[in-house]
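**Student:** This is the structure I have questions about; it appears just below.
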Amino acid sequence: MRRALACLLLSGSATVTAQTLQLDPLIVSGDAEPAPPSSTQLDGSAAETSDALSLDTWLQQVPGVFAQNRYNLAQGLRPSIRGFGARAAFGVRGIQVLVDGVPLTLPDGQTELDVLDLEAVERIDVIRGPAAALFGNAAGGVIAIETADPPESFETGARITAGELGLRRWRATLGGGLGADTSARLALGEQRLDGARDHANSQVRRLNARSRTGLANGRVKFNASALDVTAQDPGSLTRAQVDDDPGQAAANNLRFDAGERIRQQRLSGRWLRTTRTASWSLQGFAGQRLFENRLPFESGGQVSFDRRFGGLGGTLTTTTAGWDLTTGLDLQHQRDARRRYDNLDGGVRGDLALDQTETATGSGLYLAAERPLGPGWQLDLGLRLDHLRIAVDDHFGSDGDDSGDRDFDATSWSAQLARELGADHRLTLRVASAFESPTATELANPDGGGFNPDLDPARATAAELGVSGLTPSASYSIVVFTTRLRDELVPFERDDQPGRTFYRNSGRSSRDGVELAWTQQLTPRWSTHAGYTFSQFEFDDYMRDGMDFAGNRQPGIPRQHGYLTVSWAPGATLLSLRGRFIGELYADDANSTRVPGHALLDLGGSLPLDAKRRWTLRAGVNNLGDIDYADNVRINAFGGRYFEPAPGRHVYAGLEAAF
């Protein structure tokens, strides 16, 4: 596992091979060998046979990964890996996300995926299980996204997509070589979606620019992006409301015009150099995010902040006394100038209710080491020290001074022993720790301004045993894991602020499970990809309001889920039938509300329209069986408003041109 994680830190492109770095890359090429059992590599082909509406198009193909909230863009996709991330009220928590080797996750542990240009994705590597020994805070798993390199020769392209739910999307690209071993690509696009419910309109505009330059002492890659999002939030419903009319919006969401507006600019760069004896990587990023939203209640129901963020990091890999050593340093900072206002009927802004500046500063120092212990044996070790300081400076003096700060320190470690079982199979035993701090937003005090003094970070210790392998026509992995958590962060709502999420610690909990994955090339044209996850996630020690929840299942995560994809590829044509099974889950800590399971089928394909493949038609049908199910479950929502219904059967089609 350490070798796979180090590859994510050091590669940044498929051109860095095991022969260069003496590491095991996740990408399988040349002399293939089995990937680590708890890692999964996905290529960009998912966008060829889907509507590419969200990242779950890829993530649903990974065992141990469960994602909700595909269709409410005001809340964002909520993926979880072995339960890490399930608590998020919106966006991504508990998971580290990287794009082209540069962190997208902020120092307090929150990640927003709305900036991603999904049609530029070339590869996604998913690491399941704690990875804090290299990636620090909120690393219950890792999603590493690689985008396609700019073309070396001049090319232009355009893609338009339309479908039911009011889907209209266009994207135009321009790229090519700029001389001196430099190439660049510019992509501009817009997406509009009406949704299947009232008050669910969204508009997303993105501008992405990428460049790659080869230098005598390495190579440099720059990414720049601009984002503009306007999205309405239809809110969650009770079960009776869903049964009556799943297309309706929550009454208060209509009354207070719930929704959000986001404008963001981000710039990142990465330099890599590799020699026979060492490899270096330096990266940095900076940006600004302007955010405004309207929540479905009056008192303090409008939020706005101006976020400035940035970070620097570097790694060095060398070989010393038989050990391959990777050392690294991360420094990150964010500053939010946050205000809250009363939200009046119709979304009219009322009086100022909160005015404070929040800062989060994180630093991490890590060391990873690996060495062979004899023929077929490999030992990997990792250690990381993290410090995170989150502070608030209260400028709203009418209710007293709520200024304060919280400091979080953590030591994370990992150890892995791997045994090669012949040339094509691998057995792995791994133990690791992780920690997850509350974000600045999650530290909000339910009783007033400032930070919640009773909220502590969650800490986890995990162990797993896995085997992976290759056959002439297939690959497989089997992983058995167990995780023990202390002070898990659990969301809840208050009756006076429905729709706003606060957090508390749950004591102790346990997560045990099995993950299976299988890929089979049946014939030159037919292939299958299948996976299954069984998990037993329970509270072991959790008392609240005089109630004992020990032995209850953790809400928001199904006990079992699986997938099966069958693909047909005669030549350049590609057709894919994707099936997903989601077992039942609970919506609350008390396990009083059960969310039924469901099975879904999606059909999609792409067809070149000319011999040179300059024109390509893409089309598909989602939810082929027109199944009723919940796209999102809001955990511990007040008043039983747990459910956000998903759309029924809907079709889409698109046309791409490339010259």
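Every number in this text was worked out from the coordinates using simple rules, so none of it is lab data. Note that this is a predicted model, so its numbers are computed, not measured. Cβ: placed from backbone, ideal geometry, glycine included. Neighbour counts: every protein chain shown.
**Student:** Evaluate the distance, in nm, between pseudo-label points positioned 7 Å from the Cα of Ser403 and of Arg205 along their respective Cα→Cβ axes.
**Tutor:** Spacing of the two 7 Å Cα→Cβ label points: 3.9 nm.
**Student:** Just to confirm my numbers, what's the Cα centroid distance between region 188-260 and region 78-113 in Å?
**Tutor:** Taking the Cα centre of each part, region 188-260 and region 78-113 sit 16 Å apart.
**Student:** Same structure, new question: What list of ³J(HN,Hα) values in whole Hz, one per residue of region 323-331 in order, does the Karplus curve 6.51 cos²θ - 1.76 cosθ + 1.60 (θ = phi - 60°) give from phi, with Gly and Pro shown as x?
**Tutor:** Values per residue, Gly and Pro as x: 9, 8, 10, 10, 10, x, 9, 10, 9 Hz.
**Student:** Out of Pro645, His529, Leu485, whose Cα points farthest toward the positive end of the dipole of the chain (charges: +1 Lys, Arg; -1 Asp, Glu; placed on Cβ)?
**Tutor:** His529
**Student:** Taking the Cα centre as origin and putting +1 on Lys and Arg beta-carbons and -1 on Asp and Glu beta-carbons, what dipole magnitude results for region 417-462, to the nearest 20 debye?
**Tutor:** Dipole about the Cα centre, nearest 20: 380 debye.
**Student:** Now for a separate question. Calculate one ³J(HN,Hα) per residue across region 420-426 by plugging θ = phi - 60° into the Karplus curve 6.51 cos²θ - 1.76 cosθ + 1.60, and present them in order as whole Hz with x for glycine and proline.
**Tutor:** Working through the residues one at a time gives 6, 9, x, 7, 10, 9, 9 Hz.
**Student:** If you don't mind, there's one more thing I want to ask. Quick one: net charge around Gly513, please, counting Lys, Arg +1 and Asp, Glu -1 for every other residue with C-beta under 12 Å from its C-beta. Let's see the in-between values first.
**Tutor:** Values: positive: Arg82, Arg128, Arg511, Arg559; negative: Glu464, Asp512, Glu515, Glu538.
With Lys, Arg at +1 and Asp, Glu at -1, the neighbours total 0.
**Student:** Can you compute the FRET efficiency between Phe222 and Ala463 using 1/(1 + (r/R0)^6), with r the Cβ-Cβ distance and R0 = 35 Å? Round to the nearest 0.05.
**Tutor:** Approximately 0.30, to the nearest 0.05.
**Student:** Same structure, new question: Which one of Gly195, Leu42, Tyr563 has its Cα pushed farthest toward the positive end of the charge dipole of region 2-658, where Lys and Arg give +1 and Asp and Glu give -1 at the Cβ?
**Tutor:** Leu42
**Student:** Got a sec? Charge dipole of the chain, +1 on Cβ for Lys and Arg, -1 for Asp and Glu; which of Asn293, Ala89, Ala599 is way out at the positive end?
**Tutor:** The listed residue farthest towards the positive side: Ala599.
**Student:** 7 Å from Cα along Cα→Cβ at both Asp351 and Leu609: what's the point-to-point distance in nm?
**Tutor:** Using points 7 Å along Cα→Cβ, the separation is 6.0 nm.
**Student:** Let's test this: bin the Cα-Cα distances of the chain at 20 Å from zero up to the farthest pair and state each bin's percent.
**Tutor:** Computed distribution, short to long bins: 19, 56, 25, 1.
**Student:** State the extension gain, in nm to one decimal, for the chain segment bounded by Val431 and Leu267, taking 0.36 nm per residue of separation less the distance between their alpha-carbons.
**Tutor:** 55.5 nm
**Student:** For region 70-167, what is the percent of antiparallel DSSP beta bridges, rounded to the nearest 5?
**Tutor:** On the way: 13 of 17 bridges.
The antiparallel proportion sits near 75 percent.
**Student:** In whole Hz and in residue order, list the ³J(HN,Hα) couplings for region 168-184 that follow from phi through the Karplus curve 6.51 cos²θ - 1.76 cosθ + 1.60, θ = phi - 60°; x for Gly and Pro.
**Tutor:** With coefficients 6.51, -1.76 and 1.60, one gets 9, 9, 9, 8, 10, 10, 8, x, x, x, 10, x, 6, 6, 10, 9, 8 Hz.
**Student:** For Arg649 and Thr471, compute 0.36 nm times the residue count separating them, minus their Cα-Cα distance, and round to one decimal in nm.
**Tutor:** Details: separation 178, 0.36 × 178 = 64.08 nm, distance 3.77 nm.
Result for the pair: 60.3 nm of gain on full extension.
**Student:** How big is the dipole moment of region 2-658 about its Cα centre under a simple scheme where the beta carbon of each Lys and Arg is +1, that of each Asp and Glu is -1, and everything else is neutral? Debye, nearest 20, please.
**Tutor:** The dipole magnitude comes to about 1980 debye.
**Student:** Within 10 Å of each candidate Cβ there may be at most 15 other Cβ atoms; applying that plus a DSSP loop requirement, which trypsin sites (Lys or Arg not before Pro) in region 480-521 survive?
**Tutor:** Of the trypsin sites (Lys or Arg not before Pro), the ones in loops of region 480-521 whose Cβ has at most 15 other Cβ atoms within 10 Å are Arg494.
**Student:** Here's a follow-up. Between Leu215 and Phe396, what is 0.36 nm times their sequence separation minus the Cα-Cα distance? Round to one decimal in nm.
**Tutor:** Working: separation 181, 0.36 × 181 = 65.16 nm, distance 5.15 nm.
So the extension gain works out to 60.0 nm.
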